[in-house]
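Each value in this text was obtained by applying a stated rule to the coordinates, not by laboratory testing. Every value quoted in this text rests on a predicted model; they were computed, and no experiment measured them. For neighbour counting, all protein chains shown are included, and Cβ atoms are generated from backbone atoms with ideal geometry for every residue, glycine included.
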């Protein structure tokens, strides 16, 4: 099955069958990519799925999940001037700091394009999952540690996974960092 493309009819029929409901985990044969489903199953976690395209931004995801925007663990792929890629996971209410990223990575970076993100991770922006990614170093901003539960995407722009900060670090193999700053 091609998880990258779904017709609106298929999405509506999934809704009609009751596969998308708030805070009710659904079976992993839905929209969740197989590599993410395998990680979830191996760690005793379940995805929370909503209508396709309903949680592509941190504020929308927080609204759907009924949590604070900062609890959304947004995953952003950045590209260094030398071509290396890095995945940075930070709270949804913060933005990446160019100065902090340069200090952390030792090189200037920019956000990867939509096409680069999909090619490197297999996930589209708005649904980038921080686990199930090979060959890209993952950095997790320690500002997420203030929350008992954080919610990274589960590989689609209509999903999330409830987990602790410690589990996020463990499952991603991520390195703690300070890469974010106030968005205001």
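Shape class for the range 84-184: rounded, because the ratio a/c of the largest to smallest gyration tensor axis (alpha-carbon atoms, square roots of eigenvalues) is under 1.5.
Once Rh for the range 33-120 is found with the Kirkwood sum over Cα pairs, what is the Stokes-Einstein diffusion coefficient at 20 °C and 1.002 mPa s, in µm²/s? Don't skip to the answer; put the middle values down first.
Numbers: Rh = 14.8 Å.
Result for D is 144 µm²/s.
Sorted on the mean count of surrounding Cβ atoms within 10 Å across their residues, most packed first, peptides 48-57, 100-109, 72-81, 131-140 read 72-81, 48-57, 131-140, 100-109. Spatial offset of the range 135-182 relative to the range 37-68 amounts to 13 Å, using the alpha carbon center of each.
With a/c under 1.5 counting as rounded, go ahead and sort the range 139-184 into rounded, prolate or oblate using the C-alpha gyration tensor (a ≥ b ≥ c being the square roots of the eigenvalues; past the cut-off, prolate if a/b is larger than b/c, else oblate). Cα axes put the range 139-184 in the oblate bin.
Here the mean projected area of the convex hull built on the C-alpha positions of the range 8-182 is 9.4 nm².
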